Structures are given as structure tokens and as C-alpha cells.
């Protein structure tokens, strides 16, 4: 496991081993990003389902309360249905309040943190990857320009300019 460690001092020199390890980390980052997006989607789905359950129990409670105000032609004052529903209403209200609290906790503690992780940490990984490849491209271009400088008739200005560009691009990567 320790062979897959990418230490900072190893990155100072561009080598095939460093590039291979960077590739491994990039693949792992991409896998983690895709997994986290799926996890976030599942968390959001659970939170949405809990919210729907909350709304449904609130609606049920309201329907139970509405029965008392409904006047049926054949009902009596000693209606067993009405008394049963009156006993049921507090239980449904309590379940509804539990569902509301649970939904809030799911959103605050699960979905929010998963989304924040994706939007901050994993997006930063992608930004660093883009930055690395951009710097690497500039370095390759500067090195190619330096290689094209004539060795037989070196122009001091051309040589210095190409060397400075190579140095600047190498500093940009490090």
C-alpha cells in the first residue's frame, strides 16, 4: 500500500513513476466523484421521499379533522366514527411532526454534507487536474521551443527567452 503514496518531494521531478501515480490518483478521484454523485442522488431521493411522507401525513391529519365538520344526513350525535377519528388525530399529528423533524435532519445532516463535499472538495480535485494539464501543456510547448533553438548558431536572446519560458512553465507546475 505504501508504494502508492505520492509524496511532494517525488513530484518535484517529472518522471514516469510520478505521472503513473498521478494517473492513479486521477482515476480514483473520478471514481470517487461518480460514486459521490450517486450517493448524493440517493440521499436527495430519501429526503424527498421523507418530505412526501410528511406532506401525506399532514394531509391525512387535515382530512381526519375535516370529518368533524362534515354533516351527514344519517349521522347521530353519538357517532362512533367521529369519536374514533378524534382519538386518531393526535396520533397522526404526532407522526406528522416526527416526519417533519426527520426530513429536516435528513436534509441538514445527510444531503447537505454530501452535496457540499461534491461541490467543494471534488470540484477542487477537477480544478487541480485541469491546472496540472494546462501547466504541463505550457511546459511541453516551452521545452519544444527550447529544443528548436539552433545549437550551431545560438542566439543569446532566443536562447534566454526559451530558457526563461521553460523555467516559468516548470515553476507553474511545481
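The values are calculated or read from the model by the stated rules, or taken from the named source; none is laboratory data. Quick caveat: nothing in here was measured; it's all calculated off a predicted structure. As a convention, Cβ positions derive from the backbone with ideal geometry for all residues, glycine included, and neighbour counts pool all protein chains shown.
The sole residue among 167, 112 that is at pLDDT below 75 and surrounded by 12 or more Cβ atoms within 10 Å (Cβ to Cβ) is 167.
Mind listing just one residue for me: the one in region 15-40 that is exposed (fewer than 14 other Cβ atoms within 10 Å of the Cβ) and farther than 17 Å from residue 121 by Cα and, of those, modelled with the lowest pLDDT? The extreme case among them is 15. Just a yes or no: is a residue in region 62-73 over 22 Å from residue 121 (Cα atoms) and at pLDDT below 75? Yes, region 62-73 has at least one match.
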